[in-house]
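Worksheet: one structure, shown below.
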Amino acid sequence: MEAARPSGTFVVVGGGIAGVTCAEQLAINFPAEDILLVTASPVIKAVTNFKQDLASLCSPGYPGTHSIDQAGLKLKRFTCLCFLSAGIKAVSKVLEEFDVEEQPSTMLENRFPNIKVIGSGVKQLKSEEHSILTEDGREYGYKKLCLCAGAKPKLICEGNPYVLGIRDTDSAQATDSAFLKACENLEFQKKLTKARRIMIVGNGGIALELVYEIEGCEVIWAIKDKAIGNTFFDAGAAEFLTSKLMSEKSEAKTAHKRTIYTVEEAKKDTRTKSEANYVGSALGPDWHGGLALKGTKEFSHSIHIEDRCEVKKIYLQEEFKIMKKKSLAFPKDHHKSVTVDTELWPVYVELTNGKIYGCDFLVSATGVTPNIHPFLRGNNFDLEEDGGLRVDEQMRTSLPDIYAAGDICTACWQPSPVWQQMRLWTQARQMGCYAAKCMTAASMGHPIDMDFSFELFAHVTKFFNYKVVLLGKYNAQGLGSDHELMLRCTRGQEYVKVVMQNGRMMGAVLIGETDLEETFENLILNQMDLSSYGEDLLDPNIDIEDYFD
């Protein structure tokens, strides 16, 4: 083994959104200290696209800023630095929009001379010795370490060359490591250009975006739920989006409908989620923008959804022919009987509903699992049931001087009544920024308050070309049955759902250009009693902002 390189005061593992954000903020706070960023990837994910002046966020009155004392001046405007260095467009106090750009690690080192990127994976963590051993045989010491190694896709079938695991822009362009070994680095988009038919399995954010963006080949979408987007939407929102997915034709606008109903009255129409933990996928916004997601055929969308089913078995072509099974042709018309497929396919997928479809390849988008295994040997971390490293309210793991942020960790503090952890890119950035803030405070011997971003769950994204905003307990997670829902829907234009409990707004789903996100965010945070406003909250003819100026 080579002699150890100079140690870094701070070492961050992971070149994704959480890791890069954490390293950047540490570099800003400690310009004279060495910050080591360890990543096996040749590129890092940089948050970009700063679009507006955020000086107001740096004012002393902004909830995310903390004055400690003169000695702790570096922390006074830490929240502002987090926003400015990352290049974030603040939609409101909590909501934020940004782009994620893959860049050579040298660009990060040029922006921050005190950051040194170590291009190697971690082979072993020696927590008692405060050092890490990398795959290239080098050892690095640390005073404080932050693990931001993300998560890896759950593959339906390990080692099958026709099963692709799409996790983020790395896997979208080059697929997961098992597929790389089997297919000699064929890129996903190149494989798609030769595809006549693919199957997508999963119902989270990746599956939603893939199904909508892929053109020029038949897509069979297998989901285990009754409706699409179960992680994000109820049945009503799913129906609203499905019409967009199945047809790109312009639709006439229908009258606004405002409805209020309780969960007990709507069991057949709405799935209420009583569990608090819903895990999504940490994928950068507009991750598919640089990919040519087009198959061999000229048509745009040709999608068939198989709901309430999972993959039972996968057959290669030779095995399928020997077994003399029958596969189904792509359903062209739901009103006609399904016919037997006469074409030969490289792979066949049998679903639990008894149907078998042939396809060129299968995309596994069935969730992720925290990437903790490189760090477990010889270290007694406390783990959560979902496999994540348990972290407290200051992002500390159970081992001294080791923090964690992003998908690798599970938040185990007492959360705000309107916040929950989901493995999304926005939370990866927030956790990375907050972890750096906590490491800074601990190094300086100062206390720190919980970051304001954890007061309210807030996420903005885009599905099926609609802007989608999720706030608070947007699907009534953990609220029980004593809540009610208020709806407003304009077909093809907008879908608004508000979750109310005891007269107070607890969450909201906003699809389309509703311009309600800032108002609803404030109402959820303020917990004002809104009982007297009734259906006026969603009346499109009333400017609701006038009520609460």
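Values computed for the structure shown
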| read-out | value |
| --- | --- |
| Those residues of segment 421-452 which are small (Gly, Ala, Ser) and not in a helix (DSSP H, G or I), in sequence order | Gly445 |
| Selected residue [under 29 Å from Phe232 (Cα atoms), in the same structural domain as Val211 (by TED's automatic domain parsing) and among the basic types (Lys, Arg)] from Lys326, Lys332 | Lys332 |
| Any pair with Cβ under 7 angstrom, 6 or more apart, that starts in segment 240-253 at a residue that is at pLDDT 75 or above and ends at one that is surrounded by 12 or more Cβ atoms within 10 Å (Cβ to Cβ) and of a type in the set (Val, Ile, Thr) | Phe240/Ile511; Leu241/Ile228; Thr242/Ile228; Leu245/Val211; Leu245/Ile303; Met246/Ile303 |
| From the options Leu516, Leu530, Leu537, residue that is surrounded by 13 or more Cβ atoms within 10 Å (Cβ to Cβ) and more than 23 Å from Gly480 (Cβ to Cβ) | Leu516 |
| Out of Trp419, Trp425, sole residue that is within 16 Å of Thr231 (Cβ to Cβ), aromatic (Phe, Trp, Tyr) and open to solvent by less than 30 Å² (accessible area, probe 1.4 Å) | Trp425 |
| Flag for Gly367 being at pLDDT 90 or above and among the small types (Gly, Ala, Ser) | no |
| Residue in segment 500-523 that is basic (Lys, Arg) and in contact with a strand residue (DSSP E or B) (Cβ under 6 Å, 6 or more places away or on another chain) present | no |
| Ala404 vs. criteria under 21 Å from the mean Cα position of the chain (by Cα), within 29 Å of Met444 (Cα to Cα) and crowded, with 17+ Cβ neighbours inside 10 Å | yes |
| Members of segment 425-462 found to be among the aliphatic types (A, V, I, L, M) and either within 15 Å of Val12 (Cα to Cα) or without any contact (Cβ under 8 Å) to a residue 40 or more places away in the chain (or both), listed by number | Ala428, Met431, Ala435, Ala436, Met439 |
| Failed criterion for Ile156 (all others in (1) more than 13 Å from Phe361 (Cα to Cα); (2) among the aliphatic types (A, V, I, L, M); (3) at pLDDT below 95 hold) | (1) |
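The values are calculated or read from the model by the stated rules, or taken from the named source; none is laboratory data. The structure displayed is predicted, hence computed values, not measured ones. Methodologically, a virtual Cβ is constructed for each residue, glycine included, from the backbone with ideal geometry; neighbour enumeration extends over all protein chains shown. Side chains included, ligands, DNA and RNA excluded: accessible areas come from the protein's heavy atoms. Shrake-Rupley method; radii C 1.70, N 1.55, O 1.52, S 1.80 Å.
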